[in-house]
Amino acid sequence: MTHDIVIQRPGQPQQLMLLFHGVGATPDSMQQVGQYLAKGFPQALIVSVAGSHASDLGQGFQWFSVQEVTEENRPARVAAALPDFLAAVRRWQQDSGLGHAATALVGFSQGAIMALEAAAAYPELASRVLAFSGRFASLPAAPLAQTTVHLFHGKADPVIPYQHSIQAAEHLIALGSDVTAEIEPFVGHHIHEDLLEKALEYLQSHIPRHVWDEAMSASPEQAAIKPK
């Protein structure tokens with residue numbers, strides 16, 4: 001039995017947007033995010049996905065336990081949770097008939113951690129990752145060549161400090177990955193409306209680097225032109 005919530009299901013989906021909540025929360029907590037994205041993408045199948053296990057915080061769901069979590073043990077906990085996360089994404093890709101190019105993973109807090117780590121572990125899982133108030137468990141060693149990463153963070157976040165998003169953005173840029181980062185002052189550990197608006201703008205207007213590079217390789221005379 002799944003606790004996933006389908007927020008929007010068009011007859012023939014053109015995009016797949018999977019939303020992943022924070023630890024101890026439920027898919028319902030991401031409904032407002034999904035409804036906002038639905039306004040900009042009426043042809044997208046939008047699903048809020050439940051964590052794979054009941055949370056040991058006493059309510060909601062989780063992908064991994066945060067009890068006594070440390071910098072040292074977090075990567076192993078995330079790695080152990082990745083197969084279940086991958087299965088959830090593949091299940092909805094199969095349901096929609098859509099693959100990597102049409103898939104976006106939208107995560108908050110622990111959901112963002114899982115989305116980022118899944119994109120690093122499975123290069124052709126999703127073309128976009130939107131990570132709100134998240135971080136990598138450990139920074140990737142290789143570029144995310146087939147995935148555009150959009151990082152969003154509140155500067156007043158007391159749970160996952162915004163510096164994690166800054167560090168991740170700088171690291172991904174150094175690797176040659178396609179990444180954007182938005183840091184909002186006076187915002188804590190939640191998805192602020194201004195950041196959600198930015199997310200929609202990026203989804204609608206940002207040209208992924210790998211798409212641009214492929215276009216330029218097919219048209220060498222345009223190679224001097226760079227995307228914004």
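Quick note: the coordinates plus some simple rules give every number you see, no bench work behind them. This is a predicted model, so every value here is computed, not measured. No Cβ is skipped: glycine too gets one built from the backbone with ideal geometry, and neighbour counts run over all protein chains shown.
Just name one of Thr180, Ser96, Ser48: the one whose Cα is farthest towards the positive end of the charge dipole of the chain (beta-carbon charges, Lys/Arg +1, Asp/Glu -1).
The residue sitting most towards the positive pole is Ser96.
Would you mind telling me the antiparallel percentage of the DSSP bridges in the chain, rounded to 5?
Working: 6 of 34 bridges.
Antiparallel bridges: around 20 percent, rounded to the nearest 5.
Once the Cα gyration tensor of segment 141-186 is found, what semi-axes does its equivalent ellipsoid get, as square roots of 5 times the eigenvalues, in whole Å, sorted largest first?
22, 10, 7
Counting helices only, and only those DSSP H runs with n ≥ 4, report the 222 nm mean residue ellipticity of the chain as the sum of -39,500 (n - 2.57) divided by its residues, in deg cm²/dmol to the nearest 500.
-11500 deg cm²/dmol
Output ³J(HN,Hα) for segment 32-42: one whole-Hz value per residue in order, computed from phi by the Karplus curve 6.51 cos²θ - 1.76 cosθ + 1.60 with θ = phi - 60°, and x for Gly and Pro.
Going residue by residue, I get 5, 4, x, 5, 5, 5, 4, 5, x, 9, x Hz, with x marking Gly and Pro.
I want to verify a result. In a Gaussian network model of the chain, Cα cutoff 10 Å, which of these has the top mean-square fluctuation: Gln59, Gln12, Gln67?
Maximum fluctuation in the GNM of the chain, among the listed residues, is at Gln67.
Ranked highest first by average number of other Cβ atoms within 10 Å, how do 123-129, 105-111, 92-98 line up?
Listed from highest to lowest mean packing, they are 105-111, 123-129, 92-98.
Most fluctuating residue of Ala131, Ala76, Ala50 in a GNM of the chain with Cα springs under 10 Å: which is it?
Judging by the Gaussian network model, the answer is Ala76.
Run the Debye formula on the Cα coordinates of the chain, all scatterers equal and no solvent, and tell me log10 I(q)/I(0) at q = 0.07 1/Å.
With one equal scatterer per Cα and no solvent, log10 I(q)/I(0) is -0.20.
Calculate one ³J(HN,Hα) per residue across segment 144-157 by plugging θ = phi - 60° into the Karplus curve 6.51 cos²θ - 1.76 cosθ + 1.60, and present them in order as whole Hz with x for glycine and proline.
Ordered by residue, 3J(HN,Hα) equals 8, 5, 9, 10, 8, 10, 10, 9, 9, 8, x, 5, 9, 5 Hz.
From the P(r) of segment 77-184, can you give the percent of Cα pairs sitting at distances over 17 Å?
48
Of the candidates Ala119, Ala44, Ala156, which one comes out as most mobile in a Gaussian network treatment of the chain with C-alpha springs shorter than 10 Å?
Most flexible of the set in this elastic network: Ala156.
About the Cα centre of segment 5-222, how large is the charge dipole given +1 on each Lys and Arg Cβ and -1 on each Asp and Glu Cβ? Please answer in debye to the nearest 20. Show your work: numbers first, answer last.
On the way: 11 positive and 21 negative charges, 87 e Å.
That gives a dipole near 420 debye.
Taking θ as phi - 60°, what are the ³J(HN,Hα) couplings along segment 107-119 by the Karplus curve (6.51, -1.76, 1.60), each to the nearest whole Hz, with x for Gly and Pro?
My calculation for segment 107-119 gives x, 10, 6, 4, x, 5, 4, 5, 5, 5, 5, 5, 5 Hz in order.
Compute for segment 127-207: radius of gyration divided by Kirkwood radius, i.e. Rg/Rh, restricted to C-alpha atoms, rounded to two decimals.
Answer for segment 127-207: 0.95.
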